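Structure, as structure tokens:
Bear in mind these aren't lab numbers, they're just calculated from the coordinates by the rules spelled out. What you see is a predicted model, and the numbers here were worked out from it, not measured in a lab.
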Amino acid sequence: MGRQEPSREPHEFDDKVVSALGEAFNNVAIHAYRGLVPKSVELEIEASAEGITLRLADTGHAFEPAEEAKRTPAMASLPESHMGLFIMRSCMDKVTYRPGGGDVPNLLTLTKRFTP
């Protein structure tokens, strides 16, 4: 018998992963490298039968996720900034961040399971 694909709404999983990854990359490009000579962003993709994990590593400015989490966007005003982390957390099952320093890059990890 062939491998059975996990049940899910068509494209919902893909759309959420793409949205979160886009926000993550934008945050690195706009915020992490602000005022610096832009360098590379490494992307690692780990796919499994359970879902997908994306890891983005950069050597730009670190940020404090706890401080960002305190900023709940005022959705009624449709803000155009400070929405990235909110969108990532809304789309993914798990979002973790490890600030870097020295030779250790910042590491953002996004995980999405096929089933909730």
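For the reader, a short list of remarks on this structure follows.
- Interchain or long-range residues, amide H under 5 Å from His61's placed H: Tyr33, Arg34
- For region 92-103, putting each phi into the Karplus relation 6.51 cos²θ - 1.76 cosθ + 1.60 with θ = phi - 60° gives couplings of 10, 7, 8, 10, 10, 9, 10, x, x, x, x, 8 Hz, in residue order, rounded to whole numbers and with x for Gly and Pro.
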